[in-house]
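Scroll down for the structure; my scribbles are underneath it.
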Amino acid sequence: MVDPTWDMAKESLGEGHSGTGARAGWTHKQAERIERTDDTVAPIVYPPATEQIPEVHIWDTWFLRNRDGTLAEVDGYRVCFSLTAPSDLLPGKRHDVATIRCFYSDDGRTWHNAGPVFEDALGQRQWAGSALYDDDGSVYLFYTAAGEDGADDLTYTQRIVGAEGGSIDTTDGFELSGPWTHHELLTPDGERYEREDQSRGMIYTFRDPWFFEDPETGETWLLFEANTPVPEGSDVCGGDDALQEFNGSVGIARSPTGDPLEWELEDPLLDAVGVNQELERPHIVYRDGLYYLFISSHLHTFAPGLEGFDALYGFVAEDLRGEYVPLNESGLVATNPENAPFQSYSWMAFPHGEEVLVQSFFNYYDFDGETLDEIAHLPESEQMRRFGGSLGPTLRLDVEGSRTHIIGTLGHWHIPLAGETLPPTDRELIRRGKQ
Ligand code: FRU
């Protein structure tokens, strides 16, 4: 069942998209409607209890999932993977040394560090990805290899890698081990997906692989963050050079056989040419016969003339390759309060019963009125003091048709176990009180 706003939202497609090859586009007009509302602003985050703070800084996090997209539970354990860095390192430097660590929990609240996953990963450092618990119990990790192996300096080349060979042993606690074999799966083709040497924007992206099996067709896909090549002199965005540099896209590749290590690039699922430079960590939640595509993006990656936020944005379509329309008309789903605009980032949505839950990491707090760039120039002790570097509270979302509402939060790093009943939201309590 689709709500009445659906037709209205679909009409907005008439505004036309960037026409760069992707089936759907996030248009300038849609993004102009971005504004904070009661339904899209998350509550203020307070630091977690000391015992909940991991001994390393963590940021982008993803869960071990089954092929059907549900969160895996292996002999009672929830499992997640996070980008991590030593907690005495300046927060801005963490991307340069990022290492993937595994964490596990038997109650969805208290998490234990199972240590770095790889000894021999590809790239100078590893950026975000996803993890598959296959039907035979084998674990695959998809990640971004950032930087060229063997280069003396730090480089920014990005490749999508799949690691096979993982298995979990719970006979004596929890252990994830290899031996892992790393396969380079995808690099940008320069036609559908921009290569580093074609980039005209502030940064190029080809990263954040996310495994998805389409429940309607059974087809196997890998989504990722990318950019659409826009050659100089092109007439997209009315030929406006300043806008064309903002060319983020959601890329997609198909596995013809379902093999998690064999992928063929296809046209992007959606792009945002003239709108936004980075559509980060794309992922899909399938619900009520609809495909909800979510991405994270930053205030500073919106094109001139647009005012966006560090936020979770989303789109919905009737088919995986359908005509995505922005949720809540603009795309904005969850953002930070105006007086703490960088408190969370890197949101990841997943279904839980009737609700959609959203996990993110606790980024910078006590941070009113400054930009992320400005914080990098504060005294080091200030940068350290303001960085969270742990998982934030889980958001609870009510999702219907093309509308979403934040209806409450769970604790820091609370990822409920399958079937766990969630406490009543404030809204429910008020409604019950009135009856
Ligand atoms: C989002 C992100 C990801 C990337 C990682 C690098 O927070 O930019 O796109 O994989 O951080 O640290």
Per residue, accessible area of the range 5-434 with a 1.4 Å probe, heavy atoms of protein chains only, in Å², comes to 40
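Stretch Asp189-Asp107 to full length: gain in nm at 0.36 nm per residue minus the Cα-Cα span?
25.2 nm
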Going by Cα centres, the range 374-433 and the range 180-233 are how many Å apart? 29
Gain upon complete extension [Glu51, Leu429; 0.36 nm per residue less C-alpha separation]: 133.1 nm
Determine ³J(HN,Hα), in whole Hz, for all residues of the range 37-53 in sequence, where each value follows from phi through the Karplus function 6.51 cos²θ - 1.76 cosθ + 1.60 and θ = phi - 60°; x replaces Gly and Pro. 9, 4, 7, 10, 9, 7, x, 4, 9, 9, x, x, 4, 3, 5, 8, 8
Using Cα-Cα distances under 8 Å and only pairs 6 or more residues apart, what relative contact order does the range 5-434 have, in percent? 17
Mind ranking 426-433, 236-243, 301-308 by how tightly packed they are, going by the mean number of other C-beta atoms within 10 angstrom, highest first? 301-308, 236-243, 426-433
Quick one: compute the contact order of the range 315-374, relative version, from alpha carbon pairs under 8 angstrom and 6+ residues apart, as a percent. 25
Quick calc: nm separation of the 7 Å Cα→Cβ label points for Met384 and Thr37 -> 4.3
Estimated vicinal HN-Hα couplings, Hz - the range 209-225 in sequence order (Karplus 6.51, -1.76, 1.60; Gly, Pro = x): x, 9, 6, 8, 9, 6, x, 7, 10, x, 6, 10, 9, 10, 8, 7, 8
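Probe radius 1.4 Å, ligands and nucleic acids ignored: give me the carbon and sulfur share of the accessible area of the range 5-434 as a rounded percent.
Carbon-and-sulfur percentage of accessible area, whole number: 45.
The values are calculated or read from the model by the stated rules, or taken from the named source; none is laboratory data. In this text the structure is predicted, and so the values were computed from the model without any measurement. Counting neighbours? That spans all protein chains shown, and the Cβs are built from the backbone with ideal geometry, glycine included. Just the protein is used for accessible areas: all its heavy atoms, side chains included, with ligands, DNA and RNA removed. Shrake-Rupley method; radii C 1.70, N 1.55, O 1.52, S 1.80 Å.
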